[in-house]
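*Asks:* Before I ask anything, here is the structure I am working with.
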Amino acid sequence: MKRALIAAILAGSALLAACSTDATDFKQTAEKVISTEWKKQYDEDLTDVACDDPSSTAVGTTFDCSAKGPDGTEYTFEAEITKEDEVTVNQTS
């Protein structure tokens, strides 16, 4: 089983709104981070990368993500808002 700890700062994302961060920013950034970091670490492209909308933008909020590997293996991830402008993604399976 592959394990990856992936972090991204929303401020570095082109998807971030100019003045405020909303749940969609965290969701889209987590999806992008999963795809990008997986490719960097394992030289594989994931498909069907999708994250739930976080219920809040408060620090400590978690939300689930999933993706499929090239061989059809399903992977799950948990994303957590760790700072007001940062989301961390951890592979759970």
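The values are calculated or read from the model by the stated rules, or taken from the named source; none is laboratory data. These figures come from a predicted structure and were not determined experimentally. For the accessible areas, the whole protein counts, side chains as well, though only heavy atoms, and no ligand, DNA or RNA atoms are used. Shrake-Rupley method; radii C 1.70, N 1.55, O 1.52, S 1.80 Å.
*Asks:* Quick check: Cα centre of the stretch 18-60 to Cα centre of the stretch 63-92, how many Å?
*Replies:* What the calculation gives is 7 Å, centre to centre.
*Asks:* Using heavy-atom solvent-accessible surface (probe 1.4 Å) with all chains present, what is the largest-first order of Thr88, Thr47?
*Replies:* Values: Thr88 30, Thr47 70 Å².
Descending order: Thr47, Thr88.
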